[in-house]
Amino acid sequence: EVSSNVLLNISAKASSHVSLLQSSSATIQSSLLSINTKAILCIHLEEIN
């Protein structure tokens, strides 16, 4: 009983860590996308000028 409870706690903590990592990586990816978009826009504006 005790060992199964411990294993359940560990797996629950691990899954919450994984979901945290996934959400933070998604945030990083979206911010990188916006940075890339701004850089591309700046390059195009300079070409126009």
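Please identify the pairs in which a residue from segment 27-49 that is on the phi > 0 side of the Ramachandran plot has its Cβ atom under 6 Å from the Cβ atom of a residue that is charged (D, E, K, R) and at pLDDT 95 or above, counting only partners at least 6 apart or on another chain.
none
Check LEU21, LEU7, LEU45, LEU33 and return the single one that is more than 16 Å from the chain's Cα centre (by Cα) and surrounded by 10 or more Cβ atoms within 10 Å (Cβ to Cβ).
Result: LEU7 is the single residue among LEU21, LEU7, LEU45, LEU33 that is more than 16 Å from the chain's Cα centre (by Cα) and surrounded by 10 or more Cβ atoms within 10 Å (Cβ to Cβ).
The values are calculated or read from the model by the stated rules, or taken from the named source; none is laboratory data. The model shown is predicted, which means the values in this text are computed figures rather than measured ones. All Cβ positions, glycine included, derive from the backbone under ideal geometry; neighbour counts span all protein chains shown.
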